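Notes follow the structure.
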Amino acid sequence: MEIIDTHAHLEEVEDLKEAIRRAVKVGVTAIIAVGSDYESNLWVMHESWKYGTSRLRIYPALGLHPCGLNVSRIDETISLIEKNLDNIVALGEVGLDYWYGDARKSDSVRGVQRDVFRRILNLARMSDKPVSIHSRGAWMDCVDMAIEAGVKRAIFHWFSGPLEALKKILDYGYYVSATPAAAYSKEHRKILVRTPLENIVLETDSPVVYAGEAAEPAHIIKALKAVAELKGESMETVAEKTTENARKIFKFG
Ligand SMILES: [Zn+2]
């Protein structure tokens, strides 16, 4: 089996070298290392590849996460991303989160998030790169903005939004990613049941904590198993299909 973890925050994973070894054992052959801010983007660019092996490659993605945006560093971060477009396979993690902190109540905080998201979507369109999108509490806005920006390949990461937003995602040929939460989250499962395998990829969002356990890329097996059960397919079939999807999205051989 060959599996691709399409979204992980590797700089935050404890004892990453060992974690990568365990990932290889379960069949992970590639990981997309996503950045969240200026510092993590630097790590993704300069350090992440060092943890790759002959059996598992690490691919860089640069982004600016909507949660806890440091307003004073927005321009600097976006220009770092812009300068490195040729060296990355995707933009991310980016998006909107209307449930985070002040964004719950403040229109201006949401406005800042949308401004950042729009700028990065434009970079994605210009460079023809896919985007890994965080959309909590802002599902429809995220989908609409990706469409408006003319982005061709988008993954709505860990998608758990309303079905109207899913319909648009599928109409535009975009993707959703399944995380280990697919084993227990009602909202996430509802989405995966209604999304064809052709539009699903897998990820761990490591080191997010699921059901009391911090994720690492080897836990992609939990996402794989849950999707296989929801779809009534074998794990091999789901691995093959989702890996093929990921290769198509990130354009690697
Ligand atoms: Zn993430």
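Quick notes on this one:
- Cβ-Cβ under 9 Å pairs, at least 6 apart or on other chains, the range 151-162 side in contact (Cβ under 8 Å) with a residue 40 or more places away in the chain, far side charged (D, E, K, R) and away from the ligand (no atom under 13 Å from the Cβ): R153/D128; R153/K129; R153/K248; R153/K251
- Selection within the range 154-178: residues that are more than 16 Å from the ligand (Cβ to nearest atom) and crowded, with 19+ Cβ neighbours inside 10 Å. The member of this set that is farthest from D107 (Cα to Cα) is Y174.
- Test: residue in the range 224-239 that is in contact with a Phe, Trp or Tyr (Cβ under 7 Å, 6 or more places away or on another chain) and either assigned to a helix (DSSP H, G or I) or open to solvent by 50 Å² or more (accessible area, probe 1.4 Å) (or both): no
- Residue list for the range 42-73, restricted to those being in a helix (DSSP H, G or I) and under 19 Å from F250 (Cβ atoms): V44, M45, S48, W49, Y51
- Total residues in the range 1-19, condition open to solvent by less than 60 Å² (accessible area, probe 1.4 Å) and of a type outside the set (A, V, I, L, M): 5
- Checking G111 against (1) free of Cβ contacts under 8 Å to residues at least 12 places away in the same chain; (2) open to solvent by less than 10 Å² (accessible area, probe 1.4 Å), the condition it does not meet: (2)
- Candidate set: the range 179-212, residues that are open to solvent by less than 10 Å² (accessible area, probe 1.4 Å), away from the ligand (no atom under 16 Å from the Cβ) and of a type outside the set (S, T, N, Q); chosen: the one farthest from T243 (Cα to Cα): I191
- Qualifying residue in the range 21-36 (condition: open to solvent by 10 Å² or more (accessible area, probe 1.4 Å), within 16 Å of the ligand (Cβ to nearest atom) and either touching a residue at least 12 places away in the same chain (Cβ under 8 Å) or part of a helix (DSSP H, G or I) (or both)): yes
- Candidates E76, E39 - the one that is outside any loop (DSSP other than H, G, I, E, B), open to solvent by 50 Å² or more (accessible area, probe 1.4 Å) and within 16 Å of the ligand (Cβ to nearest atom): E39
The values are calculated or read from the model by the stated rules, or taken from the named source; none is laboratory data. As the structure is a prediction and not an experimental result, all values here were calculated from the model. Here the Cβ is made from the backbone with ideal geometry for all residues, glycine too, and neighbour counts use every protein chain on show. The area values use the complete protein model at the heavy-atom level, side chains included, leaving out ligands, DNA and RNA. Shrake-Rupley method; radii C 1.70, N 1.55, O 1.52, S 1.80 Å.
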